[in-house]
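First comes the structure, then the notes that go with it.
The values are calculated or read from the model by the stated rules, or taken from the named source; none is laboratory data. What you are looking at is a predicted structure, and each value in this text was computed from that prediction instead of being measured. With ideal geometry, Cβ positions are generated from the backbone for all residues, glycine too; neighbour counts draw on all protein chains shown. What goes into the accessible areas is simple: the full protein's heavy atoms, side chains included, and nothing from ligands, DNA or RNA. Shrake-Rupley method; radii C 1.70, N 1.55, O 1.52, S 1.80 Å.
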Amino acid sequence: ELRKRLPDADITLVAPKPEFVYLPSLIWVPYGMRTGDELRLDIRPALEKLGIDYLQASATGVSRDGRTLETDQGAIENDALLIATGGRYIKKLPGIENAITICEGIEAAERMGAALRSLDGGTIALGFGGNPKEPTAMRGGPMFELLFGLDTWLRKQGRRDRFRLVFFTPAPRPGQRLGENAVERMLGEMQRRGIETHLGHKIRSFENHVVTTEGGEIPADLIMFMPGLTGPAWISGSSLPLSPGGMIRAEATAAVSGLERVYVAGDAGSFPGPDWMPKQAHMADLQATAAARNIALNLDGKPATEKFKVELLCIIDSLEKGILVYRGEKRSMALPSMRALHWTKRIFERIYLRRLRAAG
């Protein structure tokens, strides 16, 4: 989007690794439907084709009201800055190192697969938490997918009767931000599959193979947990304005509040919008597109006018079928579980990755 609107600009991507990982498909790695190498792309060919420079470095701070990006490889001056470094999972609960967080990347997904294959039976607990100071900073969708996918995988192997599956979260009605119809579908699907629930109780710890909550304990042979999100570590102590939840405070244009020509997209930002606005790849795409368009306007001497669309769109996959969930500012819906939606998710993955490969 930037190159299309700024054909002659010098554009530099700063990132620790020159790779792109297609995170939505991590849910298939533990069950052998995908490998890490299938989801990991070298982005340098695509950047070269687009005429974009790459600097292998990590951001460490921002100075001069955003005109200087500080990195571990030195300072970089800029006329416009887009921050898209992602968020950070809140890992303060005692024993949280005993839980696997699949969205941390390929290694975590592979570790989950190895753990599952080592078990001949037992209790598996899956859940998610939030950030009390940033209500939108949670990611529950992948945990629903892992839960339903695990049930499907065990049934296919003829081992489901050896396992007790327990879903837990402090939320009394999980998936509320997906919409009321979606909540009913998620809970109904759990009941249909014989999945136990432990809902509405604050989590205390994950020590000694036990999920301890204010409502009791869940002994577990394997724990999979998605903590709430906060901002990346590098923004702490910077001049960037932060929300109560520790994220970069932004406007509906994706502009960082109070700074000129500094933008943020994705999990690093705290954006205005309805309380159901998701931390989701789709929203990050929408925010990044708005940011790119506004950067082009700013560099042409014009104010930022492009606002990102607020939209929740996902397919909750179960390895064989999928539940489509949509929520916009005017309507919401949740379609029943269908085989065609599983294949839609797979086709979208193929198109997305093919587009990136073709760019290179």
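Our summary gives segment 25-174 a relative contact order of 22 percent, counting only alpha carbon pairs under 8 angstrom and 6 or more residues apart.
Largest GNM mean-square fluctuation among THR344, THR169, THR101, using the chain with Cα springs under 10 Å: THR344. Note that segment 43-83 shows a convex hull volume over its alpha carbon atoms of 82 Å³ per residue.
For the listed peptides 147-157, 223-233, a ranking on the average number of other beta carbons within 10 Å per residue, highest first, reads 223-233, 147-157. FRET efficiency for the ARG160 to ARG354 pair, using the beta carbon distance and R₀ = 30 Å, is estimated at 0.30.
Once the Cα atoms are used to define both axes, helix 281-299 deviates from the longest principal axis of the chain by about 10 degrees.
Computed across segment 57-134, the Kirkwood radius stands at 16.4 Å (inverse of mean 1/r, all Cα pairs). Each residue of segment 339-353 is assigned a 3J(HN,Hα), and the resulting list reads 4, 4, 6, 4, 6, 4, 5, 5, 5, 4, 4, 4, 5, 4, 6 Hz, derived from the Karplus form 6.51 cos²θ - 1.76 cosθ + 1.60 (θ = phi - 60°), x at Gly and Pro. Element breakdown for the chain at a 1.4 angstrom probe: carbon and sulfur atoms account for 50% of the accessible area. With bins 10 Å wide beginning at 0, the percent of Cα pairs of segment 24-104 falling in each bin runs 13, 28, 33, 22, 5. Compactness check for segment 178-221: Cα Rg over 2.2 N^0.38 Å is 1.40. By a 1.4 Å probe calculation restricted to protein chains, MET190 has an accessible surface near 0 Å², given to the nearest 10. Calculated from the alpha-carbon coordinates, segment 180-259 shows an Rg and a Dmax of 18.9, 52 Å respectively. Remark: C-alpha extents of segment 225-268 on the principal axes read 38, 23, 15 Å, sorted largest to smallest. Ranked from largest to smallest solvent-accessible area, with a 1.4 Å probe on the protein heavy atoms, PHE20, PHE308 come out as PHE20, PHE308.
Straight-line cross-link partners of LYS302 among the lysines, defined as a Cα under 23 Å from its Cα and at least 8 positions apart when in the same chain: LYS4. Binning the C-alpha pair distances of the chain at 10 Å intervals from 0 yields a P(r) profile of 5, 23, 33, 25, 12, 3, 0 %, listed from the shortest bin outward. Pick out which of ARG67, ARG111, ARG192 has the largest mean-square fluctuation in a Gaussian network model of the chain, springs linking Cα atoms closer than 10 Å. Taking springs between Cα atoms under 10 Å, the residue moving most is ARG192.
The long axis of helix 141-156 is offset from the longest Cα principal axis of the chain by roughly 40 degrees. Here LYS330 is the anchor, and the aspartates and glutamates within straight C-alpha reach of less than 19 Å, apart from those fewer than 8 places off in the same chain, are GLU180, ASP275, GLU311.
Taking 8 Å as the Cα distance limit and 6 or more residues as the minimum spacing, I'd like the relative contact order of the chain as a percentage.
Contact order relative to length: 20 percent.
Here segment 204-360 is treated as a Stokes sphere of Kirkwood radius computed over C-alpha pairs; at 37 °C and 0.692 mPa s its diffusion coefficient rounds to 176 µm²/s.
Solvent-accessible area per residue in the chain equals 47 Å², computed with a 1.4 angstrom probe and all protein chains kept. Both radii are taken from the alpha-carbon atoms of segment 105-171; with Rh as the Kirkwood radius, Rg/Rh is 1.02. Taking the inverse of the mean 1/r over every pair of distinct Cα atoms in segment 42-197 gives a Kirkwood hydrodynamic radius of 19.3 Å. Evaluated at q = 0.11, 0.17, 0.27 Å⁻¹, the base-10 log of the normalised Debye intensity for segment 236-310, with identical point scatterers placed on the Cα atoms, takes the values -0.25, -0.59, -1.29. For a quick check, take a GNM of the chain with Cα springs below 10 Å and name the residue from ARG261, ARG185, ARG331 with the largest mean-square fluctuation. Highest fluctuation of the listed residues: ARG331. Calculated mean residue ellipticity at 222 nm for the chain: -8500 deg cm²/dmol, from DSSP H runs with n ≥ 4 weighted as -39500 (n - 2.57), summed, divided by the residue count and rounded to 500.
Only protein heavy atoms count here; on that basis, with a 1.4 Å probe, SER58 has an accessible area of about 40 Å². Residues whose amide H comes within less than 5 Å of that of SER205, counting only those at least five positions distant or on another chain, are THR212 (H built at 1.01 Å from N in the peptide plane). Kirkwood radius for segment 277-360, taken over all pairs of different Cα atoms as the inverse mean of 1/r, rounds to 15.0 Å.
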